[in-house]
Each structure stands twice: as C-alpha cells, then as structure tokens.
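The values are calculated or read from the model by the stated rules, or taken from the named source; none is laboratory data. Given the structure is predicted, the values throughout are model-derived calculations rather than measurements. Glycine also receives a Cβ, built like all others from the backbone with ideal geometry; neighbour counts cover every protein chain displayed.
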Amino acid sequence: MIEIKDVKKGFDDKQILKGVSAVFETGKTNLIIGTSGSGKTVLQKCLVGLFEVDSGEIIYDGKSFTHMVEDERKHLRQQIGMLFQGSALFDSMTVQRNVKFPLDMFTDWSHDKKMKQVNETLERVNLKDAHNKFPAEISGGMKKRVGIARAIVLNPKYLFCDEPNSGLDPQTSMVIDLLIREITKEYNMTTIINTHDMNSVMEIGENILYMYQGEREWVGNNKEIIFSKSAKLNEFIFASEFLRDAKDMRMLEEKGIIDNDRNMEDVMRDPESHLLMGENDKRDKSE
Ligand SMILES: Nc1ncnc2c1ncn2[C@@H]1O[C@H](COP(=O)(O)OP(=O)(O)OP(=O)(O)O)[C@@H](O)[C@H]1O
Ligand SMILES: [Mg+2]
C-alpha cells in the first residue's frame, strides 16, 4: 500500500499539486485519471522520487519515502517497476537485452540465471518469437509487452505505468490493461496507472483517483463512478452524449430497473415487458 498525505509540488511560482492525499492499495490496479495537465505525471514522478515534493509525505507500506536516507531509497527503488509513456525501450538493443537490462544493473546473477528470468518474464507477458527482434521491428502492442516485461523482471512490489495505452487501438489497449491487472493480482503488487482512457477506467478501475487542476476531486471505483455526482468528473468521463446515455443505462441496470442480459431485439418488440419495475409501478403508469 502506498499512502500520500497532503502532497504539494510546484515549479517556479506555479503550483502543480495542491495538497493531494490518497491511498493506493496492494493487489489492485489503482488509477490516476484527469485531463491533460492535471498533474498525473508529476504525481507519479513524485511517488518514485524523480521529483522531490515541496511538502507532504509519501509512505510505502508504512515507511516514509519522504524521510528516507538515500541508501534506503535505493533499496526501495529496486522494488519499483516502471512502464514509461511510449515504452522508452532502447532502440539499439534486442527485446531480450531490453528486458535483461535491469538484471544487469541491479543483480550479480549468472548469465544463465538472468536469461532464465528474462525468458520466463517474456513468456508471462505472452511475447513469443520476438526475443531477438529490435523495437523498430515489432508492433506498438508488442512494445508495451516488452516494457511491461522490463518493468516486472525484478519482481517488483510496486508497479507504475504512465499512460500504458497511448497509441494503441481499443482492443489491444484492453488486452494490455487486463495483462497489467492479471500480473498485479498474481504478484500482489501495488500498481498505479496514469490514464485518460475511459475503457481502462471502466474495465480495471478498482481504485480511481480523479485529479482536477492539481487537486483530488473524486475517489472511488468503476462501479461508483457511474453514480458520481461530481460535475467535473462527469464532464470529464462522460464527455460525449453517447457515453452519457451509456451511463444512464448502466445506472438503470445497477438499480435493477432494466435487465442486464436483455436482448435488444426482444426489447424493441415489446419495451414495456422489459422494465423490471414492481407491478404497482407498472399499473400506476398505465392508469
Ligand atoms: N519539469 C517541469 N518543470 C516545469 N513544469 C512542469 C514540469 N513537469 C510538468 N510541469 C507542468 O506541470 C503540469 C502538469 O503536468 P503533468 O505532466 O503532470 O500533466 P498530466 O496530467 O500528466 O498530463 P497528460 O495527460 O498530458 O500526460 C503542466 O502544466 C506541466 O507544464
Ligand atoms: Mg502525463
């Protein structure tokens, strides 16, 4: 679990994070969402120590990251995996060498042991027949898998992903999202994902922090988001009329007013009989 308390961060005289508090839970895909410029990346960089906070505290499983000495931080960083926006692979290295890189940096394992770990990790992210290819020779979705493999090759306790779906089609995005969630459960990691992909919010939003202009505007999960009364959040999430309609339908389903498994052809034929209202309600309506 990672906890942040009243975190503030600014650059020059511009305040970016204006006192954000939140809890990111272990074994869950924790999402940070918000419009471009709301401070998601700055917050993630503060969390991993790429930026120092101006005030407030970041706590990893009860230990204050903010007050750690450099040696302790170094140790903690080895338990952190990062998937950067755009994957940030080394173009001059093969897939296998990209994934092996953290092992070369942080372990004194034998070559054989490293290769075993690399191959097992590549298998875990379902990457086959790409070991000896260069990043330029593989698709965007495959690059993300390599990025994920590199992020988890040291079996981290904490996984940070900044926009893991950027540049991917909706179907490939979903596959990558589900892979991240599966791995999170399997290794019981605390995973934090920056995203503005609404499919991700609905599919893997187990704990969502919505940021608005550097402040925490809303916290909840993908079920609760349907019922949120925050106007700012609703404007952001349900930006199109289509999505607003979809939200209304999901609310009716959740409240048991319409059948989750309805067949739309049947509904069109006889709309009345598909409303799951009580008999009295139906009678009231017909009178
Ligand atoms: N190193 C920096 N120096 C000065 N300002 C910065 C720096 N990094 C970020 N900012 C500013 O902080 C604000 C928030 O940026 P941030 O990258 O966190 O947004 P974001 O929510 O991640 O947006 P996006 O969805 O586009 O990735 C922006 O106004 C940005 O210009
Ligand atoms: Mg960003």
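Take the conditions in a strand (DSSP E or B), surrounded by fewer than 20 Cβ atoms within 10 Å (Cβ to Cβ) and more than 10 Å from ligand 1 (Cβ to nearest atom) and apply them to Ile4. Does it pass?
No.
Among the residues of segment 189-214, those that are away from ligand 1 (no atom under 13 Å from the Cβ) and either β-branched (Val, Ile, Thr) or under 18 Å from Val7 (Cβ atoms) (or both) comprise Thr190, Thr191, Val201, Ile204, Asn207, Ile208.
Look at Ile59 and say whether it is within 11 Å of ligand 2 (Cβ to nearest atom), outside any helix (DSSP H, G or I) and surrounded by 14 or more Cβ atoms within 10 Å (Cβ to Cβ). For Ile59, the condition - within 11 Å of ligand 2 (Cβ to nearest atom), outside any helix (DSSP H, G or I) and surrounded by 14 or more Cβ atoms within 10 Å (Cβ to Cβ) - is not met.
Does Glu72 meet the test of being acidic (Asp, Glu), assigned to a helix (DSSP H, G or I), out of contact with any Pro (no Cβ under 6 Å at 6 or more places or on another chain) and closer than 26 Å to Pro102 by Cβ?
Working: acidic (Asp, Glu): yes; assigned to a helix (DSSP H, G or I): yes; out of contact with any Pro (no Cβ under 6 Å at 6 or more places or on another chain): yes; closer than 26 Å to Pro102 by Cβ: yes.
Yes, satisfied.
Note on segment 186-197: residues that are more than 16 Å from ligand 2 (Cβ to nearest atom) and farther than 12 Å from Asn30 by Cα total 3. Within segment 14-48, the set of residues being more than 26 Å from Ala239 (Cβ to Cβ) and either in contact with a Cys (Cβ under 7 Å, 6 or more places away or on another chain) or within 10 Å of ligand 2 (Cβ to nearest atom) (or both) comprises just one member, Lys45.
Does Gly27 satisfy the condition of being in a loop (DSSP other than H, G, I, E, B), away from ligand 1 (no atom under 13 Å from the Cβ), over 23 Å from Pro135 (Cβ atoms) and modelled with pLDDT of 95 or more?
Working: in a loop (DSSP other than H, G, I, E, B): yes; away from ligand 1 (no atom under 13 Å from the Cβ): yes; over 23 Å from Pro135 (Cβ atoms): yes; modelled with pLDDT of 95 or more: yes.
For Gly27, the condition - in a loop (DSSP other than H, G, I, E, B), away from ligand 1 (no atom under 13 Å from the Cβ), over 23 Å from Pro135 (Cβ atoms) and modelled with pLDDT of 95 or more - is met.
Anything in segment 33-49 that is more than 8 Å from ligand 1 (Cβ to nearest atom) and buried (at least 23 other Cβ atoms within 10 Å of the Cβ)? List them, or say none. Correct list: Ile33, Cys46. Going through segment 152-204 one residue at a time, which ones are hydroxyl-bearing (Ser, Thr, Tyr), in contact with a Leu (Cβ under 8 Å, 6 or more places away or on another chain) and assigned to a helix (DSSP H, G or I)? Those that are hydroxyl-bearing (Ser, Thr, Tyr), in contact with a Leu (Cβ under 8 Å, 6 or more places away or on another chain) and assigned to a helix (DSSP H, G or I): Thr184, Ser200.
A quick yes/no check of all residues on (1) surrounded by 18 or more Cβ atoms within 10 Å (Cβ to Cβ); (2) at pLDDT below 95:
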residue	(1), (2)
His111	no, no
Lys116	no, no
Asn126	no, yes
His131	no, yes
Phe134	no, no
Ala149	yes, yes
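In segment 33-49, the residues that are touching a residue at least 60 places away in the same chain (Cβ under 8 Å) reach residues that are near ligand 2 (Cβ under 9 Å from one of its atoms) and assigned to a helix (DSSP H, G or I) with C-beta atoms within less than 6 angstrom, at least six apart or across chains, in these pairs: Gly34/Lys40.
Exactly one residue among Thr66, Thr121 is in a loop (DSSP other than H, G, I, E, B), more than 19 Å from the chain's Cα centre (by Cα) and among the β-branched types (Val, Ile, Thr), and that residue is Thr66.
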